[in-house]
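Below is one structure, written out as structure tokens; the observations come after it.
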Amino acid sequence: MTQPTVGILMGSDSDFPIMEAACNILDQFDIAYEVNVLSAHRTPHLASEYARTARERGIKALIIGAGAAAHLAGVIAAETTLPVIGVPIDATSLKGVDALYSTVMMPGGIPVATMAIGKAGAKNAGLFVAAMLSATDSAMADKLAQYRKDMVAQVQAKGQALQEKLKK
Ligand code: RP5
């Protein structure tokens, strides 16, 4: 099995339908990852232990999804100097704003790179890791450039399809 480069954590398995978007991007870019469910509140000791041992296990970046009073990314960032990317999850009646504030409002000294709430954030977390790796990996930079080109082609195709539809 390939040694994982990225650790994906989520506070609950109920976060997975959102966090799967990060997995899909990492698959697309051939970046090996591991996935774990750990909670800042329900399993605080296991979460700290995971973060403390991540670097020695070869992990280069961590993507952390959590909803509600989402402290997981901050707790993980407190225990490692690896880059931590937070994904706020819409899991309560506050629709993810609770998780966004909990994740993004870190005190100075312990950074968490916070993405958008939900699936777009999880997808961008995967792309952000690819971008970080591309700083020292030219093959990854090429893949990212191709991804952007494909996106332009997809947007143009959608515009053309819409124009065709309106002509009818
Ligand atoms: C958070 O509480 C999790 O990250 C999840 O988003 C939310 C709800 O968890 P469950 O009650 O569904 O396990 O810690």
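The values are calculated or read from the model by the stated rules, or taken from the named source; none is laboratory data. Given the structure is predicted, the values throughout are model-derived calculations rather than measurements. Here the Cβ positions follow ideal geometry from the backbone for every residue, glycine too, while neighbour counts run over all protein chains shown. Areas reflect the complete protein model, heavy atoms only, side chains present, ligands, DNA and RNA absent. Shrake-Rupley method; radii C 1.70, N 1.55, O 1.52, S 1.80 Å.
Of all the residues that make up the stretch 60-76, how many are part of a helix (DSSP H, G or I) and open to solvent by 10 Å² or more (accessible area, probe 1.4 Å)?
Number of matching residues: 2.
Could you tell me how many of the residues in the stretch 30-59 are part of a helix (DSSP H, G or I) and open to solvent by less than 70 Å² (accessible area, probe 1.4 Å)? Before the answer, list the steps.
Step one: list which residues in the stretch 30-59 are part of a helix (DSSP H, G or I), which gives 44-57.
So of that shortlist, the ones also open to solvent by less than 70 Å² (accessible area, probe 1.4 Å) come out as 44, 47-48, 50-51, 53-54.
Number of matching residues: 7.
Confirm whether Pro107 is at pLDDT 95 or above and over 18 Å from Ser12 (Cβ atoms).
Details: at pLDDT 95 or above: yes; over 18 Å from Ser12 (Cβ atoms): yes.
Here the answer is yes, as Pro107 does meet what is asked.
I need the full set of residues from the stretch 81-95 which are open to solvent by less than 20 Å² (accessible area, probe 1.4 Å) and either closer than 16 Å to Ile110 by Cβ or polar (S, T, N, Q) (or both), in order please. Don't jump to the end; show me each part of the working.
From the stretch 81-95, those open to solvent by less than 20 Å² (accessible area, probe 1.4 Å) are 82, 84-89; that's our starting set.
Selection gives Leu82, Val84, Ile85, Gly86.
How many residues are more than 12 Å from the ligand (Cβ to nearest atom), out of contact with any Asp or Glu (no Cβ under 8 Å at 6 or more places or on another chain) and either closer than 19 Å to Leu82 by Cβ or open to solvent by less than 80 Å² (accessible area, probe 1.4 Å) (or both) when one looks only at the stretch 1-26?
Narrowing the stretch 1-26 to residues more than 12 Å from the ligand (Cβ to nearest atom): 1-8, 20-26.
Imposing the further condition that a residue be out of contact with any Asp or Glu (no Cβ under 8 Å at 6 or more places or on another chain) reduces the set to 1-3, 5, 20-26.
Right, trim to either closer than 19 Å to Leu82 by Cβ or open to solvent by less than 80 Å² (accessible area, probe 1.4 Å) (or both) and you get 2-3, 5, 20-23, 25-26.
Looking only at that region, the number is 9.
Using beta carbons and a limit of 6 Å, which pairs, at least six apart or on different chains, have the first residue in the stretch 144-155 and free of Cβ contacts under 8 Å to residues at least 60 places away in the same chain and closer than 17 Å to Asn124 by Cβ and the second one in a helix (DSSP H, G or I) and open to solvent by 90 Å² or more (accessible area, probe 1.4 Å)?
none
Out of all the residues in the stretch 67-74, is one or more under 14 Å from Asn36 (Cβ atoms) and not polar (S, T, N, Q)?
So in the stretch 67-74, the residues under 14 Å from Asn36 (Cβ atoms) come out as 72-73.
Checking the rest, the ones that are also not polar (S, T, N, Q) come to 72-73.
Yes: the stretch 67-74 contains one or more residues that are under 14 Å from Asn36 (Cβ atoms) and not polar (S, T, N, Q).
Taking the condition of being away from the ligand (no atom under 15 Å from the Cβ) and not polar (S, T, N, Q), how many residues in the stretch 27-46 meet it? Step through it out loud before you land on a result.
Just the residues of the stretch 27-46 that are away from the ligand (no atom under 15 Å from the Cβ), to begin with: 27-34, 45.
Then keep just the ones that are not polar (S, T, N, Q); that gives 27, 29-34, 45.
Count: 8.
Need at least 1 residues that are farther than 19 Å from Ala22 by Cβ per element, so show me which helices (runs of 4 or more DSSP H) inside the stretch 86-168 make the cut, counting only ones lying wholly within it. Lay out the reasoning, then the answer.
Working: elements: 97-104, 119-134, 138-167.
Passing ranges, in order: 97-104, 138-167.
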